[in-house]
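*Asks:* Below is the structure I would like to discuss, written out as C-alpha cells.
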Amino acid sequence: MAEHVAEHAAYPVGLRLSGRRVVVLGAGQVAQRRLPSLVAAGADVLLISPSATPSVEAMADTGEIRWERRRYEAGDLDGAWYALISTDDPAANTAASQEAEDRRVWCVRADDAEAATAWTPATGHSEGVTVAVLTGRDPRRSAGVRDAIVEGLRDGTLAAPHHRSRAKGVALVGGGPGDPDLITVRGRRLLAEADVVIADRLGPRDLLAELPPHVEVIDAAKIPYGRFMAQEAINNALIEHAKAGKAVVRLKGGDPFVFGRGMEEAQALAEAGISCTVVPGISSTISVPGAAGIPVTHRGVAHEFTVVSGHVAPDDERSLVDWPALAKLRGTLVVLMGVENSGAIAAKLIEHGRPADTPAAVVQEGTTAAQRRVDATLATLGETVRAEGVRPPAVIVVGDVVAVTAPSPE
C-alpha cells in the first residue's frame, strides 16, 4: 500500500462526518490541532489515550468528544469511518494502521505518511469557502499555498465573485486610523466585493485606489446636500444605492461607533428596511497613541483611560462632557477632535484640579507617513498646538503615560 500511495497522487475528497464515528488514537499536539475541525464537522469522536494535553482534556470535559483513558486495543476501530493515529508508540500505531486496512477504514498516520491510506490537507476557511491543499511530501509548501489562497480571498486580492444574487444591504466598515494595512480582514474583503463605496475623508484613502474600475467611489463630503443636513444626505445616499440592489460599503475612519455617527446610519437603514452589517475598526483612540509610543495604560502608572470628544468647547452649553469630573481622574485622558479647543480643554482641566505639569502629547495623522508627535504639559498644551501648527486629524493624550518610554536597543 505504501508503494501504491507513493506512485500515484492522492484523490482529494471532502468527508461528511456528521454523526459518524471517528477514532483518534493519542491526545498530544497532533490531536489537539485536528480535533477542533472534526468536532466542527459534527463527527462522533472517540478519543483513546491514557493522557491528554490540557486543551484536549477540556474538550472531553465539555462533552465535545468522548475520551477513554487507556491505550489502543485491537477492535477499537470497530464502526469507525475514519481514524487518526497519533500515539508515541510505534507498535501500537502499526497495529492500529493494519486494523484500519483490514476494516477498510481510511486512516491518517501522524508518524508515517507513507503507511497511511489518507493524508490530511492544509486547510483554511474564508466566508463559507474551505481551502484544502495537498502537495504530497511537502507539508510546509501545502501550508504556504493554503495561506496565500486564504489571505487572497480575505483581503480581496484573489478574485472570487459570487455567482448567486447578493442580498441588498449596507456594510458600515471601520477603516482604522489611516494606515491601509490596519483595516480588518473582513472590512477589506467587503471593500473588494462592493459596487458602491461611500467614503469619509478620514478613511484609509489608499485602499480606494485598489478598487476595480467598476466600483463607484463617492466622497461623502461632496454629496449634494440640498435641503438635507449632511448626515441626512449621506443616509439617503446609502438607502438609494442599497435599494438599487448594489452592494454598498460605508467606509469610515477608525471605528463606526466611536464618534463616527455609525448608529445614526444604522438606524436610518433599519427604518428603510435595509439590512446593515457593522464591521468594527481599530479606533484611533488607542492605535494612534500606540503608534507614537504612548501606552494608554501602564502598570503602576495608569489603570484607566477615558475617551472624550473635544469638538465642543468645555464652556459651550452643547457640551455633554463632565469636565470637572474628568479633571479629578488619575488615569489617561484621550481627546479626539480637540485641536481647536485644546487650550480651553487644558485650562478647564487645570481649573478643576488636574496638575498643570501633567504630561501631554498631540499625535497628528497617526499611523500614516505624515505622523508626527508634539509633546507638552497641560499648562502649555494650547500654546504648543498653535506654535507647532498642529492640524486635524490629531489625537491628544493627557496623563503620566506620555512620559513612559521604551528603552533604546543597544
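The values are calculated or read from the model by the stated rules, or taken from the named source; none is laboratory data. Here the structure is a predicted model, which means the values were calculated and not measured. Quick reminder, even Gly has a Cβ in these numbers, built from the backbone with ideal geometry, and neighbours come from all protein chains shown. Note: accessible area is taken over every heavy atom of the protein model, side chains too, but ligands, DNA and RNA are not part of it. Shrake-Rupley method; radii C 1.70, N 1.55, O 1.52, S 1.80 Å.
*Asks:* Obtain the radius of gyration and the Kirkwood radius of the chain from its C-alpha atoms and give Rg over Rh.
*Replies:* Here Rg/Rh amounts to 1.11.
*Asks:* In nm, what is the difference between 0.36 nm times the number of residues separating Thr62 and Arg201 and their Cα-Cα distance?
*Replies:* 45.2 nm
*Asks:* Could you work out which residue, out of Gly187, Gly338, Gly174, moves most in a Gaussian network model of the chain, that is, has the largest mean-square fluctuation with Cα springs under 10 Å?
*Replies:* Maximum fluctuation in the GNM of the chain, among the listed residues, is at Gly338.
*Asks:* Quickly estimate the mean residue ellipticity at 222 nm for the chain, helices only: each DSSP H run with n ≥ 4 gives -39500 (n - 2.57), and the total goes over all residues, rounded to 500.
*Replies:* Taking each H run of at least 4 residues, the total per residue is -8500 deg cm²/dmol.
*Asks:* Over the range 218-318, with the other protein chains present, what is the accessible area per residue in square angstrom, probe 1.4 angstrom? Please list the in-between numbers first.
*Replies:* Details: 5370 Å² over 101 residues.
Counting only protein heavy atoms, the per-residue value for the range 218-318 is 53 Å².
*Asks:* Check the straight Cα-Cα distances from Lys348 and name the lysines below 30 Å, setting aside those fewer than 8 residues away within the same chain.
*Replies:* Here the lysines satisfying the reach criterion relative to Lys348 are Lys328.
*Asks:* Okay, next question. For the pair Arg261 and Ala10, how long in nm is the line joining their label points, each one 7 Å along Cα→Cβ?
*Replies:* The answer from the label model is 5.4 nm.
*Asks:* May I pose another question? Taking the chain as the reference, fit the longest principal axis to its C-alpha atoms, fit the long axis of helix 139-155 to the helix C-alpha atoms, and give the angle between the two in degrees, 0 to 90, nearest 10.
*Replies:* 40 degrees
*Asks:* Then there is this: For a label point 7 angstrom out from the Cα of Glu304 toward its Cβ, which stretches of the range 350-384 have the backbone nitrogen within less than 19 Å?
*Replies:* 350-356, 358-359
*Asks:* Further, regarding this structure: For helix 29-40, what angle does its Cα long axis make with the longest principal axis of the chain, in degrees from 0 to 90 and rounded to 10?
*Replies:* With rounding to tens, the tilt is 80 degrees.
*Asks:* OK, next. Under the rule a/c < 1.5 gives rounded, and otherwise a/b versus b/c splits prolate from oblate, where does the range 199-244 land using the Cα gyration tensor?
*Replies:* Here the range 199-244 falls in the oblate category.
*Asks:* Express the relative contact order of the chain as a whole percentage, based on alpha carbon pairs under 8 Å and six or more residues apart in sequence.
*Replies:* 10 percent
*Asks:* Here's a follow-up. Please list 3J(HN,Hα) in residue order for the range 234-242, calculated via the Karplus relation 6.51 cos²θ - 1.76 cosθ + 1.60 where θ = phi - 60°; whole Hz, with x for glycine and proline.
*Replies:* Result, ordered by residue: 5, 4, 5, 5, 4, 5, 4, 6, 5 Hz.
*Asks:* Sort Met229, Met263 by heavy-atom solvent-accessible area, probe 1.4 angstrom, most to least.
*Replies:* Met229, Met263
*Asks:* Taking 0.36 nm per residue of sequence separation and subtracting the Cα-Cα distance, how much length would be gained by fully extending the chain between Ala270 and Arg104, in nm to one decimal?
*Replies:* 54.2 nm
*Asks:* On to the next question. Using only Cα atoms, find the angle between the long axis of helix 90-103 and the longest principal axis of the chain, and express it within 0 to 90 degrees, rounded to the nearest 10.
*Replies:* 70 degrees
*Asks:* On the accessible surface of the range 251-352, probed at 1.4 Å, how many percent belong to carbon and sulfur atoms? Provide the component values of the computation, followed by the final result.
*Replies:* Numbers: 2780 of 5200 Å².
Summing carbon and sulfur atoms, their accessible area is 53 percent of the total for the range 251-352.
*Asks:* Say we join alpha carbon atoms closer than 10 Å with springs in a Gaussian network model of the chain; which of Leu349, Leu15, Leu208 then has the biggest fluctuation?
*Replies:* Comparing Leu349, Leu15, Leu208 in the GNM, the peak value goes to Leu15.
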